[in-house]
Amino acid sequence: MSYLVLARKWRPKTFSEVVGQQHVLRALINGLDQNRLHHAFLFSGTRGVGKTTLARILAKSLNCEQGVSSTPCGECQSCQEVDAGRFVDLIEVDAASRTKVDDTRELLDNVQYAPSRGRYKVYLIDEVHMLSTSSFNALLKTLEEPPPHVKFLFATTDPQKLPVTILSRCLQFNLRRLDITQISEHLADILQKEVIEFEQTALIEIARAADGSMRDALSLLDQAISFGAGKVSSEQIHQMLGSISQQQIHTLMKALIDHDGHDLLQQSHELSAQGRDFNTVLNELLATLQQIATIQLVPNLEHSDDSDYEQLQSLGQKISPEIVQLFYQIALHGKRDLPYAADPKSGFEMTLLRMLSFQPKVIGTKNHVDLTTTVPPVQTQQKSAQNTSTNPRQVHTELEQNAATTEFQQPEPIQPLQVEEPKAVEVTSDVTPVDSASEILNASNWLSTIGSLKLTAFARQLADNSAFIKSEGDKVTLAIAPELAHLANPKAQERLELVLGKHLDQTIKLIFTQNTEQYLTATATLAAEQSEQAKQNQQQAADSIHNDPAIDALKQTFNARIIESSIKPITEDKK
Ligand SMILES: [Zn+2]
């Protein structure tokens, strides 16, 4: 006996076996049981969500020899013929292959004749939007005065293309894509009945790949069964789909968050060696980023679908929502550009590296002074703290909600782009309000003014990298380095104008010049100043360690040496 594909073998034979689409089922069942069924239905929805299946069950319900009901017997000749796909009064037409008006005429000529075996003729016209205009006109005449023994079921993936005259004569239902749980549970049910072993995660991967279509899911399951020689496992599914596991995606995300380029490229090599499809990998990365963004921004949502909710949540805590959005955008572009890359692997790696270049670098996870013999960390901490407290100005850093930072014995190194606290310089608050920005903003107070503003990440980057040129009336001219010109995007600019305007209590219009000469001769930017400050702090911290007699004694006694890269300055708020 030949192998019957699962989709056919397990095609629902009654309404109660249909997965999902409860809203449609209810309308059909009620109509059948009260014998008040509309004569034309339009099912819109993507492929493989059950349009034909519903039409068949409906044809059976209407023609069962036991009488019209929502629970046809399944035993009588009519029921069996419908199930076998050879019931003469169920007429299935694929409009995609029958667009000529003659074909439709021929079809509609027969509408007038009584059904040959059953009570009703059921016409299922698939992809009905493909009919030509004249075919629609022919159809419309029938729909206006339908013979009582005829039911029309139209199916389409594109209801927008249907004429309003047709739409208005149909009861319209939008068949929903099936969700991952609905599909995976149905697959599990079938595999149990077929007595085939499976891993739950494998079914979820299939459900995800099927993208809402039960038919696609079942045909993937067919492949998986033959591929896996009797067992359905996650690894086989990944090989089959060229996809990667959620765990692998999470490892990839972790390397990005940790700014670990070496690990990222290593992972890319492994994916390539495993024969993964990089387009699929990018798709999964996109899906994961979308899930993280959802958890970050809509935290109270139900997440029953995500078996790895906790892992996603933990990733989401280590990365800012803005960066997640940026990564998403980069991945999207990466996917678009993949066909143009020299090869898929290099295109994929370029996408990861681009993300890496935007992810703020967390330098040095080992912040204590790393001597080759153990040094009580408290001692060195006190020393450097004493020293840096003499710094003329301390820059406060906004710590990301990074779980890793809790392990730090000393604070994070200075991150120039995340300054939050105002500087100890006179600010504009004690200046009497005047009409023009020109009298408030000038080269000497520019840095302190923008330093005191509360800004979102992108506006902050823009502000920190902008040098003051001049201000006239409400117009403030700023210079930005040509290589950073992308920071002056309309959104960031608008945001900065808004916050600056609010601060100065007047409208501000920012004008950006990319004139390099002007930029070079202008006052330093906050970012440059902070970078200079960071260098000085680093030097001071290093000096304090090298000049510390206690450390010197340790070096002498234990033959210890100082690992230079482990020396980090300490900032005031973390003492
Ligand atoms: Zn029957």
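Please compute the modelled spin-label separation between Ala84 and Glu65, points set 7 Å along Cα→Cβ, answer in nm with one decimal.
The answer from the label model is 1.3 nm.
How far apart, in nm, are two points set 7 Å out from the Cα along the Cα-to-Cβ line at Val19 and at Ser226?
Between Val19 and Ser226, the simple spin-label model gives 2.1 nm.
What does the charge dipole of region 1-145 about its Cα centre add up to, to the nearest 20 debye, if the Cβ of each Lys and Arg holds +1 and the Cβ of each Asp and Glu holds -1?
Taking the Cα centre of region 1-145 as origin, the dipole is about 360 debye.
Loop only by DSSP, 13 or fewer other Cβ within 10 Å of the Cβ. Give me the trypsin sites (Lys or Arg not before Pro) in region 30-86 that pass, ordered by residue number.
In loop regions of region 30-86 (DSSP not H, G, I, E or B), the sparsely surrounded trypsin sites (Lys or Arg not before Pro) are Arg36, Arg86.
Carbon-plus-sulfur fraction of the accessible area of region 246-358, 1.4 Å probe, in percent?
Result for region 246-358: 53 percent of the exposed heavy-atom area is carbon or sulfur.
For the pairs Lys470/Lys502; Lys141/Lys161; Lys535/Lys568; Lys454/Lys535; Lys51/Lys161; Lys254/Lys491, flag any whose C-alpha to C-alpha distance is greater than 22 Å. Present the calculation step by step, with values, prior to reporting the outcome.
Numbers: Lys470/Lys502 19 Å; Lys141/Lys161 19 Å; Lys535/Lys568 11 Å; Lys454/Lys535 25 Å; Lys51/Lys161 18 Å; Lys254/Lys491 29 Å.
In this structure, Lys454/Lys535; Lys254/Lys491 lie more than 22 Å apart at Cα.
Taking amide hydrogens as modeled 1.01 Å from N in the peptide plane, which residues meet the under 5 Å criterion relative to Lys509, leaving out close sequence neighbours?
Lys475, Val476
So which GluC sites (Glu not before Pro) in region 243-304 pass both tests, a DSSP loop state and at most 11 other Cβ atoms within 10 Å of the Cβ?
Taking region 243-304 and a limit of 11 other Cβ atoms within 10 Å, the loop GluC sites (Glu not before Pro) found are Glu302.
For a label point 7 Å from the Cα of Lys193 along Cα→C-beta, name the residues of region 12-27 whose backbone N is under 15 Å from it.
12-20
May I ask you to order 168-179, 457-468 by the average number of other C-beta atoms within 10 Å around their residues, highest value first?
Final packing ranking: 457-468, 168-179.
Which chymotrypsin sites (Phe, Trp or Tyr not before Pro) does region 40-95 hold that lie in a coil by DSSP with at most 14 other beta carbons within 10 Å?
none
Per residue, what volume in Å³ does the convex hull of the Cα atoms of region 166-241 enclose?
98
Go ahead and run the numbers for FRET between Ala443 and Ala341, Cβ-Cβ distance against an R0 of 60 Å, rounding to 0.05.
0.85
Could you work out how much longer the chain between Lys502 and Cys73 gets when fully extended? Use 0.36 nm per residue separation minus the Cα distance between them, nm to one decimal. Spell out each step's value before the answer.
Details: separation 429, 0.36 × 429 = 154.44 nm, distance 7.38 nm.
Full-extension gain reported as 147.1 nm.
Roughly how many nanometres apart are two label points built 7 Å out from the Cα toward the Cβ at Ser233 and Gln317?
In this crude label model, Ser233 to Gln317 measures out at 3.4 nm.
Report relative contact order for region 246-358 in percent, whole number only (criteria: Cα-Cα under 8 Å, sequence separation at least 6).
36
Within region 454-477, list the residues whose amide N lies under 20 Å from a label point set 7 Å along Cα→Cβ of Asn515.
Label zone hits: 465-477.
³J(HN,Hα) across region 352-357 via Karplus (A = 6.51, B = -1.76, C = 1.60, θ = phi - 60°), whole Hz, x for Gly/Pro?
5, 5, 5, 4, 4, 5
What residues have an amide H closer than 5 Å to that of Leu124, excluding those fewer than 5 places away on the same chain, when H is modeled at 1.01 Å from N in the peptide plane?
Under 5 Å from the amide H of Leu124: Ile91, Glu92, Val93, Leu153.
The values are calculated or read from the model by the stated rules, or taken from the named source; none is laboratory data. Note that the coordinates shown come from a computational prediction; the quantities given were computed from them, not determined experimentally. A quick note on method: Cβ atoms are made from the backbone with ideal geometry, for glycine too, and the neighbour counts reach across all protein chains shown. All accessible areas refer to the heavy atoms of the entire protein, side chains included, with ligands and DNA or RNA removed. Shrake-Rupley method; radii C 1.70, N 1.55, O 1.52, S 1.80 Å.
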